[in-house]
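I have placed the structure first, in the form of structure tokens, so that the comments after it can refer back to it.
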Amino acid sequence: MKKGDRNTGRVFYTALRILSIFMTVISVISLFTIIIYLLINGCDKLSWQLLFGKYGDKPSILPAFIGTLYLVAVATLIAVPIGIFTAVYLVEYMNNKGKTVKIIRIAAETLAGIPSIVYGLFGYLVFVVTLGWGYSLLGGGITLAIMILPVIVRSTEESLLAVPDSYREGSLALGAGKVRTVFSVVLPAAASGIVTSVILAVGRVVSESAVLILTIGMVVNNLPETIMSQGTSLALDIYYFASNGYPDEASATSVVLLAVVLLLNAAANGIGRLLKKKTGEI
């Protein structure tokens with residue numbers, strides 16, 4: 001290679017490195033700008049009435065808390081087992097080979113790329129109209145489960161693939177069967193990545209709004225009585241307050257939602273590190 005070519009290549013890669021650093025700085029600044037703006041405009045609007053009071057003359061986000069808990073419970077109870085067992089089947093039993101694996105992977109990647117409003121329309125047509133459930137937390141939760149399923153499948157796959165083959169070989173050499181090896185050795189070793197992906201998927205459920213507008217009815221003033229009741233969520237409350245002349249309440253609810261999402265991300269990182277440490281000690 002000529003000296004001039006080497007200098008050109010060095011300049012080119014230096015420029016790419018500077019561009020990467022610049023874009024990273026812009027991303028971080030944008031994130032902190034949003035967080036600071038929300039905190040400045042919303043923290044002083046928080047009150048006991050807004051957080052835990054009964055919805056009356058003044059609004060409250062207590063129904064949104066309850067509705068969000070219902071949605072998270074339904075979505076995770078459906079998506080987590082299906083996602084983990086699908087990933088186990090693909091990695092441990094199909095070895096990521098074959099037409100079935102390709103079909104499932106294409107389906108998962110396609111689902112991951114569909115806009116959330118399309119999921120909302122699907123949930124509306126299937127659960128609200130076709131099945132006759134009407135607007136319900138159950139329909140919204142199932143729709144959210146379908147939406148987060150590809151994330152859990154793909155993340156669990158990567159976690160399982162990261163487990164060294166020596167773990168599997170050692171377990172099989174000691175006389176353990178395939179099923180016992182998978183559930184007693186492989187899954188515990190991949191637990192940190194799996195738990196992290198599940199918590200991040202829950203964060204998406206908490207912050208989703210487009211799907212829920214079409215599936216749960218956005219009833220903000222009543223606590224849901226059953227899982228078949230209409231309801232609301234924190235994200236929907238922000239939209240409702242901002243659209244109906246409650247800017248202060250919208251700002252305060254934004255702070256609450258931001259805090260929930262940040263706590264979920266912190267929990268994902270913390271639990272992931274803890275499980276990695278325990279796995280390493282074992």
query = Can you tell which of Ala189, Ala79, Ala173 shows the greatest fluctuation in a Gaussian network model of the chain with Cα springs below 10 Å?
reply = Ala173
ask   = Which value results for Rg/Rh of segment 152-282 when Rg is the Cα radius of gyration and Rh the Kirkwood radius based on the inverse mean 1/r?
value = 1.18
ask   = If we restrict to alpha carbons, what Rg and Dmax does segment 18-89 come to, in Å?
value = 19.9, 55
query = Taking the structure as given and computing percent of Cα pairs over 30 Å apart, which label from (1) 34; (2) 41; (3) 46 fits?
reply = (3)
inquiry  = From the helices alone, meaning DSSP H stretches of at least four residues, give me the mean residue ellipticity at 222 nm for the chain, per-run term -39500 (n - 2.57), in deg cm²/dmol to the nearest 500.
reply    = -23500 deg cm²/dmol
ask   = What residues have an amide H closer than 5 Å to that of Met218, excluding those fewer than 5 places away on the same chain, when H is modeled at 1.01 Å from N in the peptide plane?
value = Gly231
Within segment 221-260, backbone nitrogen closer than 19 Å to the virtual label 7 Å beyond the Cα of Phe32 toward Cβ = 259
query = Tell me, what % of the accessible area of the chain is carbon and sulfur with a 1.4 angstrom probe?
reply = 67
query = Going through segment 198-279, which GluC sites (Glu not before Pro) have at most 11 other Cβ atoms within 10 Å and a DSSP loop state?
reply = Glu225
inquiry  = Checking a compactness column here: for segment 3-150, what do you get for Rg(Cα) / (2.2 N^0.38 Å), N being the number of residues?
reply    = 1.61
ask   = Label 7 Å along Cα→Cβ of Ile114; segment 144-161 residues with amide nitrogen under 14 Å?
value = 144-151
remark   = the chain: longest segment with zero exposed trypsin sites (Lys or Arg not before Pro), where exposed means DSSP loop plus at most 10 other C-beta atoms within 10 Å, is residues 98-282
note = Compactness check, segment 140-229: C-alpha Rg relative to the 2.2 N^0.38 Å globular estimate gives 1.55
task = Determine how many Å³ per residue the convex hull of the Cα atoms of segment 105-169 encloses.
result = 104
task = Pop out the ³J(HN,Hα) list for segment 249-260 in order, Karplus 6.51 cos²θ - 1.76 cosθ + 1.60 with θ = phi - 60°, rounded to Hz; leave Gly and Pro as x.
result = 5, 5, 5, 5, 5, 4, 5, 4, 5, 4, 4, 5
ask   = So what's the gap between the Cα centers of segment 19-46 and segment 76-117, to the nearest angstrom?
value = 34
message = Output the 0 to 90 degree angle, nearest 10, between the alpha-carbon long axis of helix 137-161 and the longest principal axis computed from the alpha carbons of the chain.
response = 20
task = Of the options Leu172, Val198, Met218, report the single residue whose Cα projects farthest towards the positive end of the charge dipole of segment 152-233 (beta-carbon charges: Lys, Arg +1; Asp, Glu -1).
result = Leu172
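The values are calculated or read from the model by the stated rules, or taken from the named source; none is laboratory data. Since the structure is predicted, the reported quantities are computational estimates derived from the model, not experimental observations. Methodologically, a virtual Cβ is constructed for each residue, glycine included, from the backbone with ideal geometry; neighbour enumeration extends over all protein chains shown. Accessible surface areas use protein heavy atoms only, side chains included; no ligands, DNA or RNA. Shrake-Rupley method; radii C 1.70, N 1.55, O 1.52, S 1.80 Å.
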